[in-house]
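For reference, the structure is listed below as structure tokens.
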Amino acid sequence: MSCLLAISAAVNSGPPTLIVILLLTGAGVVLWSREHTPPDTVTVREDVPIRLLQWAVGLLPSDREDWGQAMLGELDRIEGRSERRRFALGCVASIVVLPPWGPVGPMAALAAFALGSAVVLGVGFTHFGLAANPWNWLVMAILVTVMIGSVVVVSVLLRRPGIAGPGLIGGLFVAVAWLGFSEFRFAGIVSPINSSSDWSNPALYIAVPLVVGVGVAWRSKSTIEGQRAARLAGASAGLAMFFLATIAVLGIDGGPRDPGVGVAGGVSEAFAGVAMQYLISVPLAMATIGWVAATATARFRYVGVVHRNHDSMGTPKVPGLVAEVSQRRTIGLLVLRAAGAVAAVLAVTLILLAR
Amino acid sequence: MSMVRSRTPSPQVNRVMQALASDPARWRYGYELGTEVHLKSGSLYPILVRLADRGLLETSWEQGPPGRPPRHLYRLTTTGREYVAVLEVARGERSVPRRRLGLSGA
């Protein structure tokens, strides 16, 4: 009963709160399931460097995956926490710069969005005198770090021809539809951040990654490809929307603010708000929903087909990849449980909305 | 040799190739090679990838114990060895005028 009341309160307080609840529910179920799942028979060492490198290797294009496995194989034999950390960080950096690079047009657009956002933020920072408050420096540092992280993720994902198209189209669709919902007004762009009863945007963030995740996973017969496409859609949409939202913040001097808050404070709060919304919440929500959709699609449609064991060098198939498939199947089951929980929360929410 | 570009390789690439050429028949691990030539993984792997793409480096896998990932091994191809030999000749020719001018290290 208390759960229903909490959901009802979330619905009344606006879509962003509900998105956070959905994300937390999904994450909670995944964590709970992990705790209650028997350990895998594979005894590969598990620590922060190996997890970081496994994540980065997942970003490599298919014709470079064997190099990722080579890095993982070396890391497995390295002793000493700091040495392992250094090696893993170096490998992650090399994965980011490894050729081939993505298509020129989208890469240029990505650079333009990132550079444009940085310029707008810089202009706002100096024009409104935000430098006087140390808190603003912290906010700006976090914001720039997250933005650079998003740019790196998108630039790496763009190198994969199978997902670059659907991911970018999905991201672009979200950004354009979002502009349409805001009626192309600065106030319309900034105002949904704080409170809104408009459900069009959250529906967009749910529907698009669902379509992208299911579509790519269905066509490629790969969970990973579907998940990556949805991640690309979320991150590219977030970057585009963040760029436009920073302009909107400057255009209306931060927008409506509480009594007693000056223009500088309003602009600073609005910058933090749009960053939270478009650089973190939207990409995270879209990636999570796409992740669940792609996993469920591959699970039901292509049982056991999870990952292509690609080897471009003509070497025998690598046992490490087979172990990875086994591990990913376990994760797939966990994701399905999370999907069930999220679907239940959504169903309850929709019932409450209908009343 | 057609895959090999004529551009002079960087000092880091030179170090990697020299280390591999010092015992060309031996397979090397990536971490061991990086330690030997004082290159971090962030610099070493892009070099190895480029060398392999250009046909100068051959690779192989060494199966590990059960439950452990395999390791990647590297050594120069015949083309790679020839390339190192050409580089050494070119370096020797360049060092002659330096010696005449007294520019080489004492």
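The values are calculated or read from the model by the stated rules, or taken from the named source; none is laboratory data. Quick caveat, the model's predicted, so the values are computed rather than measured. Positions of Cβ are generated from backbone atoms using ideal geometry, with glycine treated the same way; all protein chains shown enter the neighbour counts.
When segment B:3-60 is examined, which residues are found to be on the phi > 0 side of the Ramachandran plot and among the small types (G, A, S)?
Residue satisfying the conditions is B:G55 alone.
From A:L89, A:L72, which residue is surrounded by fewer than 19 Cβ atoms within 10 Å (Cβ to Cβ), in the same structural domain as A:D47 (by TED's automatic domain parsing) and in a helix (DSSP H, G or I)?
A:L89
Name the residues in segment A:244-262 that are at pLDDT 80 or above and either in a helix (DSSP H, G or I) or of a type in the set (K, R) (or both), would you?
Residues satisfying the conditions are A:L244, A:A245, A:T246, A:I247, A:A248, A:V249, A:L250, A:G251.
Is it the case that B:L57 is more than 9 Å from chain A (Cβ to nearest Cβ), surrounded by 17 or more Cβ atoms within 10 Å (Cβ to Cβ), within 18 Å of A:R77 (Cα to Cα) and without any contact (Cβ under 8 Å) to a residue 60 or more places away in the chain?
Judged against the criteria, B:L57 is not a match.
Each row is one residue, and each column tells you yes or no for (1) more than 12 Å from the chain's Cα centre (by Cα); (2) not hydrophobic (A, V, I, L, M, F, W, C).
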site: A:G215; (1), (2): yes, yes
site: A:I252; (1), (2): yes, no
site: A:D258; (1), (2): yes, yes
site: A:E269; (1), (2): yes, yes
site: A:V282; (1), (2): no, no
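Can you confirm whether segment A:152-169 contains a residue that is free of Cβ contacts under 8 Å to residues at least 12 places away in the same chain and of a type in the set (S, T, N, Q)?
Checked segment A:152-169: no residue is free of Cβ contacts under 8 Å to residues at least 12 places away in the same chain and of a type in the set (S, T, N, Q).
Go through segment A:71-106 and give me each residue that's more than 7 Å from chain B (Cβ to nearest Cβ) and under 14 Å from A:R160 (Cα atoms).
A:I95, A:V96, A:P99, A:P100, A:W101, A:G102, A:P103, A:V104, A:P106
With the requirement that a residue be in contact with a Pro (Cβ under 8 Å, 6 or more places away or on another chain) and either under 20 Å from A:G254 (Cβ atoms) or not in a helix (DSSP H, G or I) (or both), what does segment A:125-182 give you?
A:L158, A:R159, A:R160, A:S182 - these are the residues of segment A:125-182 that are in contact with a Pro (Cβ under 8 Å, 6 or more places away or on another chain) and either under 20 Å from A:G254 (Cβ atoms) or not in a helix (DSSP H, G or I) (or both).
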